[in-house]
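This report concerns only the one structure given below.
The values are calculated or read from the model by the stated rules, or taken from the named source; none is laboratory data. Just so you know, these numbers come straight off a predicted model, no measurement behind them. A quick note on method: Cβ atoms are made from the backbone with ideal geometry, for glycine too, and the neighbour counts reach across all protein chains shown.
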């Protein structure tokens, strides 16, 4: 599972950093490294761009996993450089941004947008795999999640927009229910497609979601 | 009993048509279309932000149809409202004298004119049918009592030309089990294929009445466009050739002739229980189609 991100347009980063002249930059060695949105190279590139704008980069680091506890320790090691900065630019997914923001009172600003939780489908192609809905039904849908694989997130079967096994929204994409049908057929479990699924509970875990593991 | 339900129960060949509400507050043309067809059909659908293009609401348009003396069929999609919004509109529709509802999933927002809008799809079409039936039993989807229940003649749609067809049929069976009373199909053009669908449908159907979808062809270009771009619609080559053969400026006339001929065949051969005519933007010609069909 990876948090899939894309870099914000540099103009947007420039605009939000406008009031700040001294910046400390964080990258992340896990998800944004894999998606080339906030690894060592991208952090170095961002340093260069900010310097070109006339900003002082007080320091930078690529932490192993920004959302991990270790991040707090690493922040202490960079205490002085962070202290010298007026804003912190974070090139990790939103989990890392929020983790870092929880440790510091200075403005913490994301340089990337977090898109979805996904897996690498083919090299360099990441695909949404789970919407974290809290009511997993893929045991009945041949391991294919209709919440994410169907653009409407339907659970009771295909809409009228399916055509030759493809989706009306994007003809390159498979219709989730054709995939589910084909696989259930191989498994000899097609009856599952006739099962009625009740309306979902959108509050299995009410927002803001918090779970205490004992 | 509501007029449309009576027509379905009567055993007669049922005809419905539809109006697409306008984008804006000028309803002159909409009212003209309603007046032209209201006495010639058994029910008039009002589409619900069709093709994900924002327009006057389906509910408001149904009220207009009712005011003009027509029998409205409220199309409800799951795209723009969550379950509370849908249920509350069902209550509202019923007290305003709207007795018929057609439950659809709805097109996705990105095919329409509000590309950045949040798609809802809290319910799907099967669940919406269930919601209607629950509210008829006096309870809402939260399990709460209504002070008085709703009463609807409730329908859904099916796409007989969907490919692959089996998943579509399995969903159709769920709609039948949920308790629909009528079906308006996606456009059909290949009557032989449609007969095969009807053989299947009759097996799972119970008392569900099936109205074959007839979309007016306005020219060979439109037919080809639909073949390439509209899922579940297949216009056979022979019909495209026939449209091409029309004299210049007479393609719509040819389309009316084709629609009339198909309706007549469906009626004469008792292939299904009626037709639903979609003239998409040319509602004014519905009486001509009916005349061409000998109705």
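Here are the numbers:
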quantity: Filter result for the condition that a residue is more than 19 Å from the chain's Cα centre (by Cα) and closer than 28 Å to residue A:122 by Cβ, over A:72, A:41; calculated: A:41
quantity: Pick from the stretch B:92-126, criterion part of a helix (DSSP H, G or I) and surrounded by 16 or more Cβ atoms within 10 Å (Cβ to Cβ), ranking: nearest to the other protein chains (Cβ to nearest Cβ); calculated: B:126
quantity: Whichever residue in the stretch A:189-214 is at the interface with chain B (Cβ under 9 Å from one of its Cβ atoms) and assigned to a loop (DSSP other than H, G, I, E, B) and, among such residues, is surrounded by the most Cβ atoms within 10 Å (Cβ to Cβ); calculated: A:200
quantity: Residues satisfying the stated conditions in the stretch B:197-224, i.e. farther than 12 Å from residue B:185 by Cα and not in a helix (DSSP H, G or I); calculated: B:206, B:207, B:208, B:216, B:217, B:218, B:219
quantity: Close pairs (7 angstrom Cβ cut-off, 6 or more residues apart or separate chains): touching a residue at least 40 places away in the same chain (Cβ under 8 Å) and away from every other protein chain (no Cβ under 12 Å) in the stretch B:127-146, in a loop (DSSP other than H, G, I, E, B) and surrounded by 17 or more Cβ atoms within 10 Å (Cβ to Cβ) anywhere; calculated: B:132/B:152; B:135/B:150; B:146/B:140
quantity: Selection within the stretch B:147-173 - touching a helix residue (DSSP H, G or I) at 6+ places or on another chain (Cβ under 8 Å), more than 16 Å from residue A:197 (Cβ to Cβ) and within 10 Å of another protein chain (Cβ to nearest Cβ); calculated: B:157, B:158, B:159, B:161, B:162, B:164, B:166, B:169
quantity: Number of positions in the stretch A:134-152 that are more than 12 Å from residue A:184 (Cβ to Cβ) and surrounded by fewer than 16 Cβ atoms within 10 Å (Cβ to Cβ); calculated: 4
quantity: Residue within the stretch B:177-194 that is at the interface with chain A (Cβ under 10 Å from one of its Cβ atoms), modelled with pLDDT of 95 or more and farther than 17 Å from residue B:76 by Cα present; calculated: yes
quantity: Breaking point among (1) modelled with pLDDT of 95 or more; (2) over 20 Å from residue B:101 (Cα atoms); (3) over 18 Å from the mean Cα position of the chain (by Cα), for residue B:202; calculated: (1)
